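The values are calculated or read from the model by the stated rules, or taken from the named source; none is laboratory data. Just so we're clear, the structure is a prediction, and the values are computed from it rather than from any experiment. In this analysis, Cβ positions are derived from the backbone assuming ideal geometry, glycine residues included, and neighbour counts consider all displayed protein chains. For accessibility, only protein heavy atoms count, side chains too; no ligands or nucleic acids. Shrake-Rupley method; radii C 1.70, N 1.55, O 1.52, S 1.80 Å.
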Amino acid sequence: SCAEPGSRWPASRIRRVAARAVLVLAGLLTVLCLSLIGACAISDRTISESRGSGVAEVLDTSMTRTVVRFSTPDGGVYIPPNGALYPMGLQKGQHVAIEYDTRNPDLVRVAGRGMVLSLLPVLTVLAVVWLVLGPAWWLLRRSARR
């Protein structure tokens, strides 16, 4: 067993390492979530700097993206490979007002929506991460000191 006297990895050391691993995991998930909010803000700013608008048809919806098709004034037809930003509530076949970056029409969002919509889900994930991993870290750290 790992906890036997003279063992290379005593239980207290294993708990300390586990506590650090839990804290690192929580930190990485926090950075990832905050990066997502930052990416949304950058995308919104990019679209606002060179905004085009139009109407898009929703071609498909899934858990990972909402595929839309729209035309630009120059006659181009676009189906952004990453879908539309902030697609909550959209359904296949629906026509929706969109805003896009005229320099890069693959960057498109539903009109009137912005990064504020990303705050609730991302902050909810962060709350769950810390509500689960925070006490786990505390318990591991506490038991490692004994």
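General observations
- Residues located in segment 35-47, provided they are touching an Asp or Glu at 6+ places or on another chain (Cβ under 8 Å) and either open to solvent by 20 Å² or more (accessible area, probe 1.4 Å) or among the small types (G, A, S) (or both): T46
Residue by residue, here is whether (1) of a type in the set (A, V, I, L, M, F, W, C); (2) at pLDDT below 95; (3) over 20 Å from L123 (Cα atoms) holds:
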{"site": "L28", "(1), (2), (3)": "yes, no, no"}
{"site": "S35", "(1), (2), (3)": "no, no, no"}
{"site": "G52", "(1), (2), (3)": "no, no, yes"}
{"site": "D74", "(1), (2), (3)": "no, yes, yes"}
{"site": "A97", "(1), (2), (3)": "yes, no, yes"}
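- Unmet requirement for A144, which otherwise passes all of (1) out of contact with any helix residue (DSSP H, G or I) (no Cβ under 9 Å at 6 or more places or on another chain); (2) at pLDDT below 95: (1)
- Residue among V77, V96 that is more than 21 Å from the chain's Cα centre (by Cα) and open to solvent by 60 Å² or more (accessible area, probe 1.4 Å): V77
- Members of segment 48-74 found to be over 16 Å from D106 (Cβ atoms), open to solvent by 30 Å² or more (accessible area, probe 1.4 Å) and hydrophobic (A, V, I, L, M, F, W, C), listed by number: V55, M63
- Test for P105: is it of a type outside the set (F, W, Y) and either farther than 30 Å from L28 by Cβ or modelled with pLDDT of 95 or more (or both): yes
- Members of segment 72-116 found to be of a type in the set (A, V, I, L, M) and either in a loop (DSSP other than H, G, I, E, B) or under 13 Å from S43 (Cα atoms) (or both), listed by number: I79, A84, L85, M88, L90, L107, V108, V110, A111, M115, V116
- Matching entry among R15, R113, R109 (being open to solvent by 60 Å² or more (accessible area, probe 1.4 Å) and in contact (Cβ under 8 Å) with a residue 60 or more places away in the chain): R15
- Residue in segment 81-88 that is free of Cβ contacts under 8 Å to residues at least 40 places away in the same chain and among the aromatic types (F, W, Y) present: yes
- Checklist (1) modelled with pLDDT under 95; (2) closer than 16 Å to S118 by Cβ applied to A84, failing item: (1)
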